[in-house]
1. Give the number of residues within segment 463-500 that are among the β-branched types (V, I, T) and within 14 Å of K175 (Cα to Cα).
2. Only residues that are open to solvent by 60 Å² or more (accessible area, probe 1.4 Å) and more than 30 Å from R114 (Cα to Cα): list them for segment 324-339, please.
3. Confirm whether F2 is out of contact with any Pro (no Cβ under 6 Å at 6 or more places or on another chain) and modelled with pLDDT under 75.
4. What's the number of the only condition in (1) at pLDDT 85 or above; (2) under 27 Å from F310 (Cβ atoms) that T403 fails to meet?
5. Those residues that are part of a loop (DSSP other than H, G, I, E, B) and closer than 17 Å to I340 by Cα, I need them from segment 164-186; list them, please.
6. Scanning segment 275-319 for residues that are of a type in the set (A, V, I, L, M, F, W, C) and touching a Phe, Trp or Tyr at 6+ places or on another chain (Cβ under 6 Å), which turns out farthest from A381 (Cα to Cα)?
7. Only one residue in Y464, Y484 is within 30 Å of A384 (Cα to Cα), in contact (Cβ under 8 Å) with a residue 60 or more places away in the chain, of a type outside the set (A, V, I, L, M) and in contact with a helix residue (DSSP H, G or I) (Cβ under 6 Å, 6 or more places away or on another chain), so which one is that?
8. Could you look through segment 182-193, keep only residues that are farther than 19 Å from R60 by Cα and buried (at least 20 other Cβ atoms within 10 Å of the Cβ), and pick out the one that is nearest to the chain's Cα centre (by Cα)?
Amino acid sequence: MFRNLKKSLLCVSLSCALFLGFAEETSFEGLYRYKLDNGLELFVAENNSAPLAYIEIAVRAGAVTQTPQNAGLFHLYEHMLFKGNEKYANQSEFTKAENQLGAIDENGSTGVDRVNYYFTIPANMTKEGLEFWSYALRTPKLEEGELENEKAVVLSEINADFTNPSHIRSAALFKNLFPEEPYKLSPSGSPKIVQNATANDLREIQQKYYIPANTAIFVGGDVKHDEIFGYAKEIFGNWQNPAQNEESVAVPSKEPLSKDKKFVFVDASSSGKLIQIGYYLRGPDGETDSEDTYAADVWTAIVSNPNGSFSNAFVANKKLSIPESDYVGASYTTRRASGIIGFYGALLNDSVKQAPSAPVADTNYGFGSFDVFSSKNLSPADKADEFLATVKKQAALDVTRDTPLSLVIQQFEDSRIYELESAKSILSSLSFFWSACGSDYFFSYDNNISKVTEESVRAFVEKYISGKKGILIVSVSPEIWSDYKSSFISHGYQEITKENAFWQNKN
């Protein structure tokens with residue numbers, strides 16, 4: 001168990017070098033890392049609380065590495081990895097082998113920054129489990145017949161996304177916040193590209209991305225790190241890289257918009273009693289701005305505090321009809337090349353239907369001034385504009401006065417200790433950050449968080465939030481849309497539909 005995790009986080013420093021063939025000491029007790037001669041990284045978390053072993057294989061690939069020509073092929077390739085290889089001739093034999101290993105929770109996924117495959121097996125089968133994934137990774141058959149069958153499965157998943165409200169809303173956000181490369185946030189990809197894919201197309205994916213220098217293995221549970229390294233070296237040591245490796249990805253613009261864009265999304269699942277609002281800006285990226293992500297995380301924790309001045313300012317603004325501070329906050333998720341800062345709020349719909357009004361110029365923030373009205377005199381569009389004005393005003397203020405940074409940093413440490421209690425949870429988190437920022441980022445995270453200052457938080461706000469333009473999305477029920485459609489349009493809102501939300505429908 002990771003009982004002494006807090007002590008080790010604070011007391012053990014991490015060397016920047018990786019030692020080939022020797023375990024490198026990390027800032028987590030019981031967690032070791034190796035790097036094979038071919039560049040393959042191995043992470044082992046020892047935890048003997050149960051006779052089980054978790055094995056995950058992660059590849060730096062997915063939406064972030066897509067192009068307009070192959071968007072969707074990483075997702076398709078992920079499916080095809082289960083369809084047979086040099087040792088297991090087809091999906092039936094592949095599944096039978098998993099069952100013989102005693103595998104549970106087996107699955108694969110294609111995300112924005114990685115493709116990963118994982119299962120949990122009895123600890124005494126760990127070597128066999130590594131051999132199983134070695135055949136899958138290195139010798140997939142990619143047969144045309146199986147490919148045609150699997151295309152139908154992937155296409156059904158993509159088509160389901162086209163009717164899923166949360167996917168429609170997200171697609172519109174990505175299309176407008178990343179106008180040059182929206183496909184780099186869409187792991188599902190393009191139906192047309194998937195439909196026309198060939199085995200040779202998938203071989204190109206394999207040869208360029210499924211290589212040891214772009215892959216990591218995560219093993220955790222009732223195992224010994226040196227023994228696992230011996231297995232990995234024996235099984236994966238002769239895996240070769242091509243002459244040229246994929247090393248980096250292009251990072252989209254941090255300021256893609258010259259002015260705010262406002263949208264309304266009609267969601268049949270929304271309550272007529274609430275107006276859901278989100279405002280989004282480009283944030284730091286792991287590929288190029290990792291130093292800014294620490295301040296971003298600390299800032300997010302401060303403004304999301306329901307007792308802080310940021311959230312309470314929204315509750316105090318009676319025009320917004322926000323019932324309590326838990327209904328408003330901010331978010332930031334570290335991504336390799338698609339960091340997004342988000343502000344969110346849930347407003348009560350207490351508006352009384354009236355003729356549409358036009359925003360009145362306001363010298364303070366450039367939005368409507370409605371002091372003569374109660375909240376019931378404001379349309380949902382008025383309230384959304386007021387929410388955006390409040391975001392712009394409050395986000396520019398110094399929030400570090402709310403909470404001592406030492407307390408915020410202590411909360412980060414406590415949260416990490418709680419979240420990383422098991423071998424699987426610590427390796428899953430490590431895998432995520434390995435794909436977005438590299439393993440050094442994960443291991444040095446607590447040390448770097450402790451170095452965040454009030455000045456660096458203010459610098460983050462100035463660099464990524466103050467004066468920046470973003471995307472405002474208001475989600476309403478069909479009833480609210482029916483009553484206030486003309487008001488939204490007069491306030492400059494565009495409706496999001498499944499026809500205009502997806503980059504795949506551009507042409």
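1. So the count comes out to 4.
2. Hits for segment 324-339 are E324, D326, Y327.
3. It is true that F2 is out of contact with any Pro (no Cβ under 6 Å at 6 or more places or on another chain) and modelled with pLDDT under 75.
4. (1)
5. F178, P179, E180, E181, S186
6. Step by step, filter segment 275-319, then rank; the result is A295.
7. Y484
8. Per the stated criteria, the residue is S190.
The values are calculated or read from the model by the stated rules, or taken from the named source; none is laboratory data. None of these values were measured; they are calculated from a predicted model. A quick note on method: Cβ atoms are made from the backbone with ideal geometry, for glycine too, and the neighbour counts reach across all protein chains shown. With ligands, DNA and RNA removed, areas are computed over all heavy atoms of the protein, side chains included. Shrake-Rupley method; radii C 1.70, N 1.55, O 1.52, S 1.80 Å.
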